[in-house]
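Asks: Right, I'll just put the structure down here and ask away after.
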Amino acid sequence: MSSGHRYEAVGDGNIGVDSQVIPPPQDPTSADDSIGYETSIPIHPKILAPLCYVLPIAGGLVVILLERRNTYVRLHAWQSVIMSLIVGLCLTLLFWVPLIPYLIHFLSVVAFIVCAYRAWSDAETLTFFKLGVLGDFAERQVLGSTVLPF
C-alpha cells in the first residue's frame, strides 16, 4: 500500500547553518586538506568550534581525538582544553581564599562565552581568536612547531 508520500532529505542536519556543499580536495594524496570547511567529524566547523567551549574539557578532547582535517576546529579544541585545565588548576590552588573562586568562575564563564561566540562568528573567514599565551600554545600544538610553551 503506497500512500503517495515520498521521503526527501531536507538540509544537511546542521541546524541554524546555511547548507553548503563542501567539495572534496583536488588531490587525495595532498596533505593540505585542512584548509576550508572539510572536517573528519560530519559537523560544520561553525557548530563544531564553539561546541569545544560549550563542553570545555569533554568537547575539546573529543574533537582533538577525532578531528584530523580542520585546523581551525583543532585550534579551538586545544585552546578550550588548555583554558579548562588552567581554570581547574587555579580553582584547586585558590579554593581556600574567600572570594577568589567565585571571581575565577565568573571570569572563566565570560571567557568561554566570548571564545564560543568568536569561534562561531569567525568561522566564515576561518580567523582564529587567540587568548594570548593560551592561543599561542594551542597553535603550536596543532601546527607542530614545538610542544613546550617556551
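The values are calculated or read from the model by the stated rules, or taken from the named source; none is laboratory data. Keep in mind it's a predicted model, so treat the numbers as computed, not measured. With ideal geometry, Cβ positions are generated from the backbone for all residues, glycine too; neighbour counts draw on all protein chains shown. Surface areas here come from the heavy atoms of the whole protein model, side chains and all, with no ligands, DNA or RNA. Shrake-Rupley method; radii C 1.70, N 1.55, O 1.52, S 1.80 Å.
Asks: Region 126-146 to region 46-83: how many Å between their Cα centroids?
Replies: Using only Cα atoms, the two centres lie 12 Å from each other.
Asks: Between Thr92 and Leu107, what length comes free when the chain is fully extended (0.36 nm per residue of separation minus the Cα-Cα distance, one decimal in nm)?
Replies: 3.8 nm
Asks: Accessible area per residue, 1.4 Å probe, Å², for region 49-150: what's the number?
Replies: 57
Asks: Give a residue-ordered list of calculated ³J(HN,Hα) values for region 102-113 (Karplus: 6.51 cos²θ - 1.76 cosθ + 1.60, θ = phi - 60°; whole Hz; x for Gly, Pro).
Replies: Those phi angles translate into 5, 5, 5, 4, 4, 5, 5, 5, 4, 5, 5, 5 Hz.
Asks: Please give me the summed charge of the neighbours of Ala111: other residues whose Cβ is under 15 Å from its Cβ, Lys and Arg +1, Asp and Glu -1. All intermediate terms of the calculation are to be shown ahead of the outcome.
Replies: Working: positive: Arg118, Lys130; negative: none.
My count for the surroundings of Ala111 gives +2.
Asks: Sort the following peptides by mean Cβ neighbour count (other Cβ atoms within 10 Å, averaged over residues), highest first: 100-107, 44-51.
Replies: 44-51, 100-107
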